[in-house]
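Take a look at the structure set out below.
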Amino acid sequence: MTRTATLTYGDQTIELPVIEGTEGELGVDISQLRAKTGLITLDPGFGNTGACQSRVTFIDGDKGVLRYRGLPIERLAEKSNFVETAWLLINGRLPKRTELDQFSARLTTHALLHEGFKSHFEGFPLNAPPMAILSAMINTLSSSYSEDHKGDDEPFEEQSAQLISKVRTIAAYSYRRSLGLPFIYPDPNLRYVANFLHMMFSMPYAQYIASQEVVDALNLILMLHADHEQNCSTSTVRVVGSSKANLFASCAAGVGALWGPLHGGANVAVLEMLESIYKGGISAEEALKLAKDKQSGFRLMGFGHRVYKNFDPRALILKGAADKVLERLGVKDPLLDVARKLEELALKDPYFVDRKLYPNVDFYSGILMRAMGIPTSMFTVIFAIGRMPGWIAHWYEQNNDPSSRITRPRQIYTGPNEMNYTPIEQRG
């Protein structure tokens, strides 16, 4: 029997269907609300609004649960890697050996950029933000590689492999451009993460060989960022894709959304905070005291999460990785020392523990990438590389949903009522 919710407005009462997800989540279907009552809902930030039904990712923020296609993130972090996880998100199941080998081969084939693209990079100023270059170049890819997706999976499979592979090449080239360094071609003998680090840090006369600890840690960061349900950038990809915009244009829009400091730029904010603490000569104890004082204006970045009301499961995994990587690399960095002291004190402080303000994924990913030698300007770019499979999965899911409609939110107008036009001579 279908459950319903009853809405009473004035002398009118209507029944609204209640939709239940596979994990027991309940949502009131208000798709006929305006047609039946003339009312719309108002939900700034869409925190209480479900925009779609999706089979990609499940989150339970209260229990600290994150699953990709039903698989707990902890098991994937232990057993899988970024490339396999990307295939899982896009295709809805774990690949067979032949399927994974074929996908990996496609990624290797598509790693190179067309030589003509070099001129596009040269057109950007040296101080251009890497995220600006990334967004522009993904859009540029659509002029060379995009084919309309009309239900045939073959073009889509090629496009998804092109995007996942070429995004790391574009990212590495944008970094090299900012330093005035020569571009380094991808090496077909290297795996996904090692190849990206090679393109970032190698020189024509000296190849950079990343340690296994660094490769594993970056692989983990990418995997843990691969999808996170209907966040700002994923929702942007869906909104743009709802107009039947192609995959490249939709994902380029996702890069723009991710760029914001309240979304993908959060781990950058963590490092900026650590730097301000260190340069200001503030101790970790003093920083925590300031964070608890609402009048101080100081905000402790990298603690707490809008969705997770418990420990962020991704942060738990990265904490373990950070402990191992920092010890093995033997990195001596005062900012990392500040970060570890903040973590140690906050996890013992009743103020933070009672409010469940635990270190989140941005806190640990920031200190890990700094330890690897990755500059702050590239943090959000690496986030975009990791999130690309999730964007693709959601674009594809929406594109193949026959009930999907173009996104067109309503509004409550609060401007002036109808006015007369006053000729300019009479305006005083």
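Structure data summary
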{"read-out": "Residue match in segment 140-162 (condition: surrounded by 16 or more Cβ atoms within 10 Å (Cβ to Cβ), of a type outside the set (D, E, K, R), within 20 Å of F379 (Cβ to Cβ) and assigned by TED's automatic domain parsing to the domain that holds H394)", "value": "no"}
{"read-out": "Residues of segment 57-71 satisfying the condition of being touching a residue at least 12 places away in the same chain (Cβ under 8 Å) and either more than 23 Å from W395 (Cα to Cα) or in a strand (DSSP E or B) (or both)", "value": "T57, F58, I59, D60, G61, D62, K63, G64, V65, L66, Y68, L71"}
{"read-out": "Selection count where residues are more than 16 Å from C52 (Cβ to Cβ), among the small types (G, A, S) and part of a helix (DSSP H, G or I), scope segment 234-271", "value": "7"}
{"read-out": "Selection count, segment 287-332, where residues are part of a loop (DSSP other than H, G, I, E, B), over 18 Å from N267 (Cα atoms) and of a type in the set (A, V, I, L, M, F, W, C)", "value": "1"}
{"read-out": "Subset tally (residues that are within 19 Å of A226 (Cα to Cα) and among the hydrophobic types (A, V, I, L, M, F, W, C)) for segment 289-318", "value": "6"}
{"read-out": "Residues that are over 11 Å from the mean Cα position of the chain (by Cα) and in contact (Cβ under 8 Å) with a residue 40 or more places away in the chain, drawn from segment 257-274", "value": "N267, V268, A269, V270, L271, E272, L274"}
{"read-out": "Index of the failed condition, G254 passing every other in (1) in contact with a Gly (Cβ under 8 Å, 6 or more places away or on another chain); (2) surrounded by 23 or more Cβ atoms within 10 Å (Cβ to Cβ); (3) among the small types (G, A, S)", "value": "(1)"}
{"read-out": "Selection status of A51, in contact with a helix residue (DSSP H, G or I) (Cβ under 8 Å, 6 or more places away or on another chain) and within 24 Å of K309 (Cβ to Cβ)", "value": "yes"}
{"read-out": "Inter-residue pairs, beta-carbon under 8 Å, first modelled with pLDDT of 90 or more and in segment 136-162, second among the small types (G, A, S) and in a helix (DSSP H, G or I), 6+ apart", "value": "A136/A252; M137/S174; I138/A252; N139/A249; N139/A252"}
{"read-out": "Condition met for L76 (in contact with a strand residue (DSSP E or B) (Cβ under 9 Å, 6 or more places away or on another chain) and surrounded by 13 or more Cβ atoms within 10 Å (Cβ to Cβ))", "value": "yes"}
{"read-out": "Selected residue [touching a Gly at 6+ places or on another chain (Cβ under 6 Å), charged (D, E, K, R) and under 29 Å from V361 (Cβ atoms)] from R93, R55, R69, R75", "value": "R69"}
{"read-out": "Flag if K356 is on the phi > 0 side of the Ramachandran plot and charged (D, E, K, R)", "value": "yes"}
{"read-out": "Among the candidates K279, K244, residue that is among the charged types (D, E, K, R), surrounded by fewer than 20 Cβ atoms within 10 Å (Cβ to Cβ) and over 19 Å from H394 (Cβ atoms)", "value": "K279"}
{"read-out": "Pairs with Cβ under 7 Å, 6+ apart, first in segment 186-200 and assigned by TED's automatic domain parsing to the domain that holds A171 and surrounded by fewer than 22 Cβ atoms within 10 Å (Cβ to Cβ), second acidic (D, E) and in a loop (DSSP other than H, G, I, E, B)", "value": "H198/D187"}
{"read-out": "Counted residues, segment 182-217 - those being among the aliphatic types (A, V, I, L, M) and touching a helix residue (DSSP H, G or I) at 6+ places or on another chain (Cβ under 6 Å)", "value": "9"}
{"read-out": "So S178, is it at pLDDT 95 or above and under 24 Å from M369 (Cα atoms)", "value": "no"}
{"read-out": "Number of the exception - I40 against (1) in contact with a Lys or Arg (Cβ under 6 Å, 6 or more places away or on another chain); (2) surrounded by 18 or more Cβ atoms within 10 Å (Cβ to Cβ); (3) under 24 Å from I14 (Cα atoms)", "value": "(2)"}
{"read-out": "Some residue of segment 217-233 being within 23 Å of G47 (Cα to Cα), assigned by TED's automatic domain parsing to the domain that holds P182, part of a helix (DSSP H, G or I) and not hydrophobic (A, V, I, L, M, F, W, C)", "value": "yes"}
{"read-out": "Residues of segment 282-321 classified as among the basic types (K, R) and crowded, with 22+ Cβ neighbours inside 10 Å, total", "value": "1"}
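Yes/no per residue for (1) assigned to a helix (DSSP H, G or I); (2) in the same structural domain as N195 (by TED's automatic domain parsing); (3) free of Cβ contacts under 8 Å to residues at least 24 places away in the same chain:
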position: I367; (1), (2), (3): yes, no, no
position: A384; (1), (2), (3): yes, yes, no
position: I392; (1), (2), (3): yes, yes, no
position: I412; (1), (2), (3): no, no, no
position: M419; (1), (2), (3): no, no, yes
position: T422; (1), (2), (3): no, no, yes
position: E425; (1), (2), (3): yes, no, yes
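The values are calculated or read from the model by the stated rules, or taken from the named source; none is laboratory data. All figures in this text were calculated on a predicted structure; none of them were measured in a lab. Neighbour counts run over all protein chains shown; Cβ positions are idealised from the backbone, glycine included.
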